[in-house]
Amino acid sequence: MNVELGDLSAFVAVARAGGFREGARLSGASASGLSDAVRRLEAQLGVRLLNRTTRSVVPTEAGKGLLDRLMPALSEMEAALDVVNVFRERPTGTLRLNVPVSAARLVLPQIVPAFLEAYPDIQMEVITEESFVDVIAAGCDAGIRYDERLSPDMIAVPIGPRIQHFALGASAAYLERRGRPDHPRDLLAHACLRSRFSSGVETVWEFEREGETVVVEPTGPLLVTAGGGSDLAVNAAIAGTGIVALFEDWLRPHFDSGALEPVLEPWWPSFSGPFLYYPGRRLVPAPLRAFIDFVKSSPAGR
């Protein structure tokens, strides 16, 4: 059976993206071209591979089986072709990163512009997501997370400031009205602006000072999704609604402007900075290798 590799690649692009338009956007092809390729492949194989509706495109059982077998093979082929890329004077291709909102806001702005200027033939796609994901299954080359405890087949590279702090802030008006906490336990009597992860788990507030650790489960009038809803919580704190807890670097501009006052600063705990992680079991694509080297050599990346 003479099946075109391009038709197989088109099927994979559409199946992974869940639609022809999204598959076209991610692959750089046209939606009509992908549709023609999938129809041609189905005709050659004599079986329907995708169930199409007005809202979604979902693989059939046959399509799922083919996709499961094709994905590893195409990944290895892409890696093999990318070997040639390292011999180019300037690497080319797309670098896809899966990162939390905090990294996209606080870490990458100090790195990405200079990296893209140094490597004009590389395109970068950044997907923000709070949960820890399988970067390969998500179609990404690497991820960034704040926890170095990764699976054994992952390689972790420090990226961004190595020591960070968890900070609390509130407006002067709120603190004058409700009082200033002297101890973390005082927060139980305050309006706290809370967050929870997409998994549904609410964040607890942890504090440490001179060997003493205190964990508080805050209550309050506002609950937002960690990352995506954090700016709303900050704005509510500035408006006097309550006390917000977030990365110090996220709140620092508001401390400096006077819009927020630091709360319980001697109790702010420190934690290690984020890590760039990627699978160690496969060849590193040239765009990712260039990014890793750039991060290691850049002051902003360390």
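Quick note: the coordinates plus some simple rules give every number you see, no bench work behind them. Computed from a predicted model, the values in this text were never measured in an experiment. Every residue, glycine as well, gets a Cβ built from its backbone with ideal geometry; the counts of neighbours run over all protein chains shown.
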Please get the size of the charge dipole for the chain, origin at its Cα centre, with Cβ charges of +1 on Lys and Arg and -1 on Asp and Glu, quoted in debye to the nearest 20. 720
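With a Förster radius of 22 Å, plug the Cβ-Cβ distance of Ala189 and Val214 into 1/(1 + (r/R0)^6) and report the FRET value to the nearest 0.05.
0.90
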Each label point is 7 Å from the Cα along the Cα-to-Cβ direction; what then is the distance between the points at Val58 and Lys296, in nm? 4.5
So, R0 is 25 Å and r is the distance between the beta-carbons of Val201 and Glu22; what FRET efficiency does that work out to, to 0.05? 0.30
What FRET efficiency comes out for Phe271 versus Asp68 if R0 is 45 angstrom and r is the Cβ-Cβ distance? Round to the nearest 0.05. 0.70
Considering amide H positions built from the backbone, and no H for Pro or chain starts, which residues 5 or more places from Val224, or on another chain, come under 5 Å of its amide H? Arg194, Ser195, Arg196
Please name whichever of Ser297, Gly65, Cys192 sits farthest to the positive end of the charge dipole of the chain, dipole taken about the Cα centre and charges placed at Cβ: Lys and Arg +1, Asp and Glu -1. Gly65
Measure nothing fancy, just the Cα-based angle from helix 31-45's long axis to the longest principal axis of the chain, in degrees from 0 to 90, nearest 10. 50
Using only the alpha carbons of the range 169-302, determine the length spanned along each of the three principal axes and report them from longest to shortest in whole angstroms. 58, 32, 32
In degrees from 0 to 90, rounded to the nearest 10, what is the angle of the helix 248-257 Cα long axis to the longest principal axis of the chain? 50
For the chain, whose charge dipole is built from +1 on Lys and Arg Cβ atoms and -1 on Asp and Glu Cβ atoms, the candidate among Val47, Ala167, Ser257 with its Cα farthest towards the positive end is Val47
Determine the gain in length on full extension of the stretch Val3-His165; use 0.36 nm per residue of separation and subtract their C-alpha separation, reporting nm with one decimal. 52.8 nm
Answer in debye to the nearest 20: the dipole magnitude of the range 182-269 about its Cα centre, from +1 Lys/Arg and -1 Asp/Glu charges placed on Cβ, is 360
What do you get for the angle between helix 61-85 and the principal long axis of the chain? Use alpha-carbon atoms, 0 to 90 degrees, nearest ten. 80
